[in-house]
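Heads up, the thing below is written out as structure tokens.
The values are calculated or read from the model by the stated rules, or taken from the named source; none is laboratory data. These numbers were taken from a predicted model, which means no experiment stands behind them. Because the Cβ atoms are built from the backbone with ideal geometry, glycine has one as well, and the counts that use them run over all protein chains shown.
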Amino acid sequence: MHPVAPEAQFPRYDFFRKHDPQLEQRRQLAVGLEACRRGWASRLGAMLYRTELSLSCRLQQGQPELGSLLCFGMEHEQQGQMRPSAWLLIEQSTLYQLAEMSFGGTPVQGREDKARPISETERRLGSSLLTLFATNLVAQFLLNAGPGRVGMAASVPDLSAVTLVSIDIDCAGQRLSWQLALPVLLNPEPVKQEQAALGVQLSGVLNERLPQLTNRLRVSLAEFELPLGQLPLLQEGDILPIHLLQETRARVGEQPVLKGRVAEQQGMLVFASHGFID
């Protein structure tokens, strides 16, 4: 063993080196989607008068074409201000077919081809869909948010700064799809900045304190063998011969860290280290 020079620097401890806030958010969202999926399917089936309805949802890669999409927005009160918390992006033809089903009809693919103003029924249905799919999900991430409000959005969100969830339903021999956009879940910059500041603070504390911590090293000096039959015969005051180990290890707890030998120096027993154990 060699003493460390006073000017030597302790290796910096990167507390957040394996933590990716954006990846962690996506993992939490995937778990939340699966937890909500069955409840969504049940409530949507009741809304559309369909008992045979399957629903799937997944995190979407890439961006949809925005030209023909209707956009419904949800806002929640956060820190005294109303801020966007979710959007629903849906084709008007899809919304029209869902509206038909909500009145007990059977949708026909391609029936709604002409551009027209959105009806009040479609507005209410779009808002209801956003409320159904976003309320419980967003509540898992905005724990301290105030009451929310839902309605037709004035503009489509910047999809480069949101998480897109694709939702598909299969019923009546057709597949209908739309997207849920969650902007509050995929802007990790505030989280990164906060964690970066915390990381610097913790790294400074650790780099200051770790070199000062003391560890108890344990070195086995000797061992000997004794027949099992002699154990019951041992008495207080017995003298047993021992032999110093030629090779031994220094341990911290149960972890061996150094290898070496026991020797005598200036009338004292010492541990002469050969080096660290990999």
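Using the structure shown, decide if SER220 is more than 30 Å from PHE141 (Cα to Cα), without any contact (Cβ under 8 Å) to a residue 40 or more places away in the chain and either of a type in the set (S, T, N, Q) or outside the structural domain of PHE141 (by TED's automatic domain parsing) (or both).
Answer is yes for this residue.
If a residue has to be among the small types (Gly, Ala, Ser), closer than 16 Å to GLN179 by Cα and assigned to a helix (DSSP H, G or I) to count, how many in the range 33-57 make the cut?
1
For the range 104-119, does any single residue satisfy the condition of being modelled with pLDDT of 90 or more and of a type in the set (A, V, I, L, M, F, W, C)?
No; the residues of the range 104-119 include none that is modelled with pLDDT of 90 or more and of a type in the set (A, V, I, L, M, F, W, C).
Looking only at strands (runs of 3 or more DSSP E) that fall completely inside the range 168-278, which ones have 2 or more residues that are modelled with pLDDT under 85 and more than 30 Å from LEU48 (Cβ to Cβ)?
Values: elements: 174-182, 217-219, 248-252, 255-265, 268-276.
Hits in the range 168-278: 255-265, 268-276.
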